[in-house]
1. Considering only protein heavy atoms and a probe of 1.4 Å, how much of the accessible area of the range A:337-428 is carbon and sulfur, as a whole percent?
2. Can you send over the carbon and sulfur percentage of the accessible area for the range A:136-278, probe radius 1.4 Å, protein chains only?
3. If amide H atoms are built 1.01 Å from N in the plane of the peptide, which residues on other chains or at least 5 residues away come under 5 Å of the amide H of A:Ala53?
4. Can you list the residues of the range B:32-51 that have at least 50 square angstrom less accessible area with all protein chains present than in their chain by itself, probe 1.4 Å?
5. Over chain B, with the other protein chains present, what is the accessible area per residue in square angstrom, probe 1.4 angstrom?
6. Rounded to the nearest 100 Å², what's the accessible area chains A and B bury against each other, both chains counted, probe 1.4 Å?
7. When the accessible area of each residue in the range A:289-315 is compared between its chain alone and the complete protein assembly (1.4 Å probe; ligands, DNA and RNA ignored), which residues differ by at least 20 Å², being lower in the assembly?
8. Could you pull out every residue, at least 5 positions away or on a different chain, whose amide H is within less than 5 Å of the one on A:Met305? Hs are placed 1.01 Å off N in the peptide plane, and Pro or chain starts have none.
Amino acid sequence: MRAVEDALGIRIPENARILRNLIAGIQYVQDHVIHFYHLHALDWVDVTTALQADPAETAKLAQSISSWHNSSETYFQGVKDKLAAFVNSGQLGPFANGYWGHPAYKLPPEANLLAVAHYLEALDWQRDVIRVHAILGSKNPHPQTYLVGGMSTAVDPESESALNADKVALIRKLFVKAKQFVDQVYIPDLLAVASFYKDWAGYGEGLGNFLVYGEFPDRAGNMLFPGGVILDRDLSQVYPLDQEKVAEYVTHSWYQYGDGDQTAKHPWDGETQPNYTGPKPPYQFLDTEGKYTWLKAPRYEGKAMEVGPLARVLVAYVSGNKRVQEVVNSVLETLAVGPEALFSTLGRTAARGIETLVVAEQLVPWLDELAAQMDAGDVTIHNGDKWDPATWPQETKGWGFHEAPRGALGHWVRITDQKIANYQCVVPSTWNASPRDASGQRGAYEAALIGTPIADPEQPVEILRTIHSFDPCMACAVHVVDTEGRELVHIELEGSM
Amino acid sequence: MADKLVIDPITRIEGHLRLEIEIDGGQVTDAWSSSTMFRGLEIILPGRDPRGAWLMAQRI
C-alpha cells in the first residue's frame, strides 16, 4: 500500500495516518505479549514444576514485583488446581511437548506458577484488547479498512455507523486495559524471569548489524522508532537508512536469477523464479553447501542484518529517543547488567518488552489526537486524487516500508500501464532467518546460534531460547500435526563429520 | 567429531522453520536456517491492479 502510494506520489490525510498508527500500535502490544507468554515463556518456565509451588509463596512473589490485582494465595491455589486437573487429565494441550525437567530451567516453582497464571490471563486479555482491530479494521487478523490513499474507516462523531465518540470511548478503555497489563504483568514478569537467566545475556549475540526502516510517524513525519542502521555493535552512531542499499542473493536459496546466482538484486529488479534443488522427501539432511531454503538472503550494503525489536530499540536509543533511553537504562539497572548485555538472547527478549511499554504509552495520546481532529470537524480519511488509473504515469516505481512487530518490512513495486509489473516483498523473517549469501556470510539466526551451550542434544531447549527470541514468522501459519493432533517435531542426531 | 542435529519444525513460532545444527563439545559450532515453504506472492501479483496489492500481500 505504501509502496503504491510512494509510486504514485500520494500523501495520506492526517486521520488515516493516525488510524494506521492505532491499528499497528495495538498489534505490537498484543503480538509481543502473546509472544512472551505463549511462544517464548515455556523456554524459560517449567510448567510441570509449577505443581510443586506453594501458592502462598507465589502470592508473596507476585505482590513483591507488581500491584496487579490477581495476587492472592487463593487465586494462585485456584490456578494450581486448574493446572493439576489439566495434567491429571493427560491432555496437556498447549503444554504438551515441552522439555520439562530439563536442567536449563532455573525458575523456582513459585515463579513457574506465577508465569502459568499469567499465561492463562494473557489469553483472555489479548482477545479483549485486539477488539480495537475489529472496530478500526473490521477484523483481525488482516484488517480490511486500508486503502491506497488513506483508510476506509469512516470517522464522524455524529454518525451511528462511523467511528464516533462512543467507539472512541470504547477504544480508550481497551487501550488503558492494554497498557495496564503491560505495566503490571508483562514487564514485571519479564524482569523477574530475566533475573534468573542473566547468563543468557552472554549467548545469542548474532550479527551485531541492525536495520530499521522506521515507524509510527507523527504529524511532522518524525518516527517514534526512527529508521537507521547500526553496524558492528557500534553504539556511537546510527547511519541513515538508504533503501537503495538493499539487495537479495539466491546463491543458497531455491531460486534462480536470469544472470546467475552469484549476484544480488535490488528488489525493484528482483526476480522470483523457483528452482528447487533440494533432496526428495523423506530426507535426512539438506544440501547446506548448495541451496537449502525458500528464503532469499537480503543484505544491506552487502552485510547481513538483524531486524526487529532489538534493532528498533538500539537505533532509537542511539538516535536520542529520551523515553527509550530512560526505559532501557532502567531495565539495565534493574538487572544490574551493562549495555553489552543487549547484544544477546536476553537483550532481544528485553527489547521486545521495552518497545511494548513505549508503544503502549502512545496509544491513548494517538487516540486523543484523532478525537481532537474529529472535534475540529476534520473527518477526511482518504485522498482520492490519484485513485483513477488514468491519472497515473505510464511507468513508475515505489517503495513502501513498515516496522512490523517482528521488524523491518519492505515492499517494492513497479507499475507499468496501470498494472503491477514487478512486486517484491522482503519481510522481517527473511532478514533474520536468512541463509548464507554468495560470500558465505550467515544470516541472523545462523550467526546467533553459534556458541550456544547444549546440555542435552535430544532436548535442545537452548536453541529454542535464541530462535524464539527473534519471534520467527515463516510467512504462513501452517501447523503440522499428526493424526492424534500432536505437533510433529522431528529431531535427528547423527555423527556426521 | 561434531554431531549434526535437525529440528524440523521448530514449534511455537508462526509458520515453518527447519534448523540444521552442528554441535561439538556441548556447544553449537554452526547452523543453517531453512524455510521449508514457498510463498510465491511475487508470482501472483504481476499483471494485477496495484490498488489491490495490499490486500493480497497482507496475507504474508
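1. On the way: 1720 of 3200 Å².
So the carbon and sulfur contribution to the accessible surface is 54 percent.
2. On the way: 2920 of 5970 Å².
Answer for the range A:136-278: carbon and sulfur cover 49 percent of the accessible area.
3. none
4. For the range B:32-51, once contacts with the other chains are taken into account, B:Trp32, B:Ser33, B:Ser35, B:Met37, B:Phe38, B:Arg39, B:Glu42, B:Pro50, B:Arg51 lose 50 Å² or more.
5. Values: 2040 Å² over 60 residues.
Normalised by residue count, the accessible surface of chain B is 34 Å².
6. Numbers: alone 22140 and 5230 Å², together 21280 Å².
Buried: approximately 6100 Å² between B and A.
7. Relative to the lone chain, where solvent access is computed with a 1.4 Å probe, the range A:289-315 loses at least 20 Å² at A:Tyr292, A:Thr293, A:Trp294.
8. Residues meeting the amide H criterion: A:Tyr300.
The values are calculated or read from the model by the stated rules, or taken from the named source; none is laboratory data. Since the structure is predicted, the reported quantities are computational estimates derived from the model, not experimental observations. Positions of Cβ are generated from backbone atoms using ideal geometry, with glycine treated the same way; all protein chains shown enter the neighbour counts. Protein only, heavy atoms only, side chains kept; ligands, DNA and RNA dropped before computing areas. Shrake-Rupley method; radii C 1.70, N 1.55, O 1.52, S 1.80 Å.
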